[in-house]
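> I am attaching a structure below and will ask some questions about it afterwards.
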Amino acid sequence: MAHVLVYDSFDDLRSRGMRFLQEASRIGEVHALLWSDAAVRQITGRPPRFPQEERLYLVQSLRYVRSASVTGESIDPDAPPEGSFPRAEAWVTTEELDSPRRRREAKSRGLDYRVIESKDLAGFPVVSAETVKRAASTRTAIVTGCFDWFHSGHVRFFEEASGLGALYVVVGNDANLRLLKGEGHPFFSQDERRYQAASVRFVQQARVATGAGWLDAEPEIRALKPDVYVVNEDGDKQEKKEFCADNGIQYVVLRRVPRPGLPQRTSTDLRGF
C-alpha cells in the first residue's frame with residue numbers, strides 16, 4: 001500500500017475534512033502533517049481556532065489516519081518541509097489547496113500528486129470498523145447523545161468509554177433533539193453526526209436512535225444488548241439508570257475531564273447557543 005502525505009492546518013476539523021482523509025486513505029496509508037500554531041498565524045494572518053495539540057489529537061483519533069505530526073514554526077504552505085515524511089510516495093490534497101506550485105513541488109520530489117475533488121466529498125457514508133465481528137466473550141459498551149458540533153471532548157469520552165468494551169455510539173435523531181432541546185437543534189444532521197462519530201477509531205459502530213425522549217436509543221440498546229451503558233455527567237438521567245437496572249446493564253457515569261493538556265470543550269460554546 002502506498003504511503004500518502006496530506007498537508008494542511010486541519011483547524012476546526014469538520015465532516016468535510018474527515019471525508020477528505022477517508023478518501024485519501026483509499027489511496028494509501030495516510031500521514032497527516034499539520035501546520036503548527038505559529039505557521040497558521042504566518043500563513044493566514046490569524047491564530048488557529050484550535051491549538052496544535054488539540055488539532056493533532058483530533059486528527060490522530062480518526063481511523064483514516066495512520067500517523068500525524070506537527071510542522072515547525074515557519075513553513076511554506078505549498079511545500080512540506082524536506083524530510084517530514086521520507087516514506088511518502090504520494091501527496092494528496094483538496095481542490096481548494098491545489099496549486100501549480102504544489103504540483104511542481106510534488107514532481108520535483110518524485111511524488112504522485114492527487115487532487116480529491118469536492119464532488120467526491122459529498123454525503124456521509126456508513127463507516128465500517130476494521131473488526132466487524134468480535135468474540136462472543138468480548139464486552140460491549142454503548143454511549144448515546146447528541147454529539148453536535150463535534151470536538152475533542154467527544155473523542156476523549158469515546159476513548160474512555162471504549163476501555164469498558166467494544167464501543168457502539170447512538171446519536172440522537174433530529175426530530176427528538178428538536179423536541180428535547182428546542183428549535184435550532186441539532187446544528188448538524190443526524191447522518192453527519194453519525195458519520196463523525198463512526199470516523200473515530202475508538203468506535204466500533206455508530207447508529208442513529210429510532211426512539212424518543214431521553215431514552216431515544218432504547219430500541220438500539222435492546223438490539224445490541226450491551227454489557228455497559230456509559231454516560232457523562234451531563235447525560236446522567238434517572239430513567240437511564242433505572243432502565244439499566246431493570247435490564248441487567250452496568251451503568252457507568254464518567255466525569256467530563258478533557259485529555260491532559262487540552263481545554264474543556266462543549267458543543268454549546270462552540271456553536272454559540
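The values are calculated or read from the model by the stated rules, or taken from the named source; none is laboratory data. In this text the structure is predicted, and so the values were computed from the model without any measurement. For neighbour counting, all protein chains shown are included, and Cβ atoms are generated from backbone atoms with ideal geometry for every residue, glycine included.
> Just checking, how many residues over the stretch 168-194 are in contact (Cβ under 8 Å) with a residue 40 or more places away in the chain and within 17 Å of GLU220 (Cα to Cα)?
8
> Okay, moving on. Return the pair list, or none, for Cβ contacts closer than 6 Å from residues in the stretch 5-24 that are among the acidic types (Asp, Glu) to residues that are part of a helix (DSSP H, G or I) and surrounded by fewer than 24 Cβ atoms within 10 Å (Cβ to Cβ), at least 6 apart or on different chains.
As it stands, the answer is GLU23/ASP120, since those pairs meet every condition given.
> Could you please find all residues in the stretch 78-107 being modelled with pLDDT under 95 and more than 24 Å from SER36 (Cα to Cα)?
none
> Let me ask another. Which residues, taken from the stretch 187-220, are of a type in the set (Val, Ile, Thr) and modelled with pLDDT under 95?
None; the set is empty.
> Let me ask another. From the residues in the stretch 128-163 that are in contact with a Lys or Arg (Cβ under 7 Å, 6 or more places away or on another chain) and more than 15 Å from SER61 (Cβ to Cβ), which one is modelled with the lowest pLDDT?
TRP149
> Taking PHE187 as the residue in question, decide whether it is within 29 Å of SER25 (Cα to Cα) and aromatic (Phe, Trp, Tyr).
yes
> Taking interchain pairs and intrachain pairs at least six residues apart, which have beta carbon atoms under 8 angstrom, with the first residue in the stretch 97-118 and in a loop (DSSP other than H, G, I, E, B) and the second loosely packed, with under 14 Cβ neighbours inside 10 Å?
Sorted first by the residue in the stretch 97-118, then by its partner, the pairs are GLU117/GLU95.
> Looking only at the stretch 212-233, how many residues end up being without any contact (Cβ under 8 Å) to a residue 40 or more places away in the chain and surrounded by fewer than 18 Cβ atoms within 10 Å (Cβ to Cβ)?
Summing the residues that are without any contact (Cβ under 8 Å) to a residue 40 or more places away in the chain and surrounded by fewer than 18 Cβ atoms within 10 Å (Cβ to Cβ) in the stretch 212-233 gives 8.
> Inside the stretch 19-75, can you point out the residues that are under 15 Å from the mean Cα position of the chain (by Cα) and either modelled with pLDDT under 95 or of a type in the set (Gly, Ala, Ser) (or both)?
SER25, ALA32, SER61, SER67, ALA68 - these are the residues of the stretch 19-75 that are under 15 Å from the mean Cα position of the chain (by Cα) and either modelled with pLDDT under 95 or of a type in the set (Gly, Ala, Ser) (or both).
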